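Since the structure comes first, as structure tokens, the remarks are kept for the end.
The values are calculated or read from the model by the stated rules, or taken from the named source; none is laboratory data. Computed from a prediction, not measured in an experiment: that's the story for all the values here. Don't worry about glycine lacking a Cβ; one is built from the backbone with ideal geometry, like all the others, and counts go over all protein chains shown.
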Amino acid sequence: MSSSVPSARIAVIGGGAVGGLTAAFAREAGHDVTLCLRSPLDELTVSTEGEVLRPALRFVTAPEEVAPHDWVLLTTKAQDTEGAAGWLRALCGPGTVVAVIQNGIDHAERVAPLLPDGAEAMPTLAFMAVERVAPGRIVHHFSSELHVPDGPSGERFEALLAGSRLTVRTVADFRTASWRKLFTNVAANPLTALLKQRMHILQDPEMLRQAEEILLEALAVAQAEGALVDETDVRRALRGNLAVGPEGGTSTFYDRLAGRPLEHEHLTGAVVRGADRHGLAVPRNRLLLTMLRAADRELREA
């Protein structure tokens, strides 16, 4: 597959599930792709649609090894954003666009202060079921969409990956889109991670009811923040969670199983902070946040 635009130099920061998949698919589209990693890799493999991809990537482990690129895809977990500052300084020049492919609702606010003058942070929502099963080994289950705000950079990004296995869609109301995406994470992620169970837990009627209550709290916050959402979006999020299948997982579930730090502050934490700004009661989300912080402390101290 190849895109309809000339080859571009793309750097992907982070070799996890999303980083590995986006790097592989961007390389398959004919672009020159560098994968920026903490630890060295000899090879990246991506299992997808019954085949195994072994993309020809450049692997680097230090910012000193790179120069400015046309595009940077920041795929680290949201809580690791500041740790990518050295990479961002080295990879960004005037005109570089950084697609911030992270969970949460404050992508640009997190990343823009870390960029040199002339570079742009473009918030990006990832819709993909993908799992890192070992260093350098990625399993893609389904979906590979990226949603970005309408505008010149979003349109260029859409053209950059046109015809590839990465589908880019521009959206007019990105605030609303961000909250809709958060709804898909804000109940399923903490419940699967805290209970260390896969998505089958939502097939239990009482657990599904609790998930709905968690989402209704988030809905009230989203509306107060100006997102154009209603209970239809809550039901859509729950249907999407159930469609993953009983043996599916969430990113927070996979992180806890692997002993990695959790990104609860940018999921449940975003709901609680928003509630505090607007004087709203979110007791279920507040309890989940307290429990997730305790689980995260245990992981960090282990």
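Of the residues making up the range 130-155, those that are within 24 Å of ASP106 (Cβ to Cβ) and surrounded by fewer than 18 Cβ atoms within 10 Å (Cβ to Cβ) number 6. For the residues LEU88, LEU73, the requirement of being among the hydrophobic types (A, V, I, L, M, F, W, C), in contact (Cβ under 8 Å) with a residue 24 or more places away in the chain, touching a strand residue (DSSP E or B) at 6+ places or on another chain (Cβ under 6 Å) and not assigned by TED's automatic domain parsing to the domain that holds THR268 singles out LEU73. Only one entry in THR176, THR184 is touching a Gly at 6+ places or on another chain (Cβ under 6 Å), at negative phi and either in a helix (DSSP H, G or I) or outside the structural domain of ARG27 (by TED's automatic domain parsing) (or both), namely THR184.
Applying a threshold of 7 Å to beta carbon distances and a minimum spacing of six or more residues, or different chains, the list of pairs starting in the range 17-36 at a residue that is under 13 Å from HIS140 (Cβ atoms) and ending at one that is in a strand (DSSP E or B) and among the polar types (S, T, N, Q) reads LEU21/SER144; PHE25/SER144. Restricting attention to the range 272-284, does a residue exist that is among the aliphatic types (A, V, I, L, M), in contact with a helix residue (DSSP H, G or I) (Cβ under 9 Å, 6 or more places away or on another chain), in the same structural domain as ALA188 (by TED's automatic domain parsing) and assigned to a helix (DSSP H, G or I)? Among the residues of the range 272-284, at least one is among the aliphatic types (A, V, I, L, M), in contact with a helix residue (DSSP H, G or I) (Cβ under 9 Å, 6 or more places away or on another chain), in the same structural domain as ALA188 (by TED's automatic domain parsing) and assigned to a helix (DSSP H, G or I), which makes the answer yes. Among the residues of the range 129-149, those identified as under 19 Å from LEU35 (Cα atoms), touching a residue at least 40 places away in the same chain (Cβ under 8 Å) and either part of a strand (DSSP E or B) or aliphatic (A, V, I, L, M) (or both) are VAL130, GLU131, ARG132, ARG137, ILE138, VAL139, HIS140, SER144, LEU146.
Tell me whether the range 4-21 contains one or more residues that are in contact with a His (Cβ under 9 Å, 6 or more places away or on another chain), of a type in the set (S, T, N, Q) and surrounded by fewer than 23 Cβ atoms within 10 Å (Cβ to Cβ). Yes; the residues of the range 4-21 include at least one that is in contact with a His (Cβ under 9 Å, 6 or more places away or on another chain), of a type in the set (S, T, N, Q) and surrounded by fewer than 23 Cβ atoms within 10 Å (Cβ to Cβ). In the range 104-115 there is at least one residue matching the filter, namely being charged (D, E, K, R), under 30 Å from ALA218 (Cβ atoms) and in contact (Cβ under 8 Å) with a residue 60 or more places away in the chain. Any residue at all in the range 241-248 that is surrounded by fewer than 21 Cβ atoms within 10 Å (Cβ to Cβ) and part of a helix (DSSP H, G or I)? Looking for residues that are surrounded by fewer than 21 Cβ atoms within 10 Å (Cβ to Cβ) and part of a helix (DSSP H, G or I), one finds at least one in the range 241-248, hence yes.
Residues satisfying the criterion are present in the range 221-238 (criterion: surrounded by fewer than 18 Cβ atoms within 10 Å (Cβ to Cβ), in contact with a Ser or Thr (Cβ under 9 Å, 6 or more places away or on another chain) and not in a helix (DSSP H, G or I)). For the range 106-128, a residue qualifies if it is part of a loop (DSSP other than H, G, I, E, B), touching a Pro at 6+ places or on another chain (Cβ under 9 Å) and of a type outside the set (Asp, Glu), and the qualifying residues are PRO116, GLY118, ALA119. The single condition among (1) under 21 Å from GLU263 (Cα atoms); (2) buried (at least 16 other Cβ atoms within 10 Å of the Cβ) that VAL168 does not meet is (1). Applying the condition of being surrounded by fewer than 24 Cβ atoms within 10 Å (Cβ to Cβ) and among the polar types (S, T, N, Q) to the range 22-41 and asking which residue is modelled with the lowest pLDDT yields SER39.
Just to be sure before I move on: is GLY240 under 22 Å from the mean Cα position of the chain (by Cα), over 28 Å from VAL139 (Cβ atoms) and modelled with pLDDT of 90 or more in the structure I sent? Criteria not met by GLY240.
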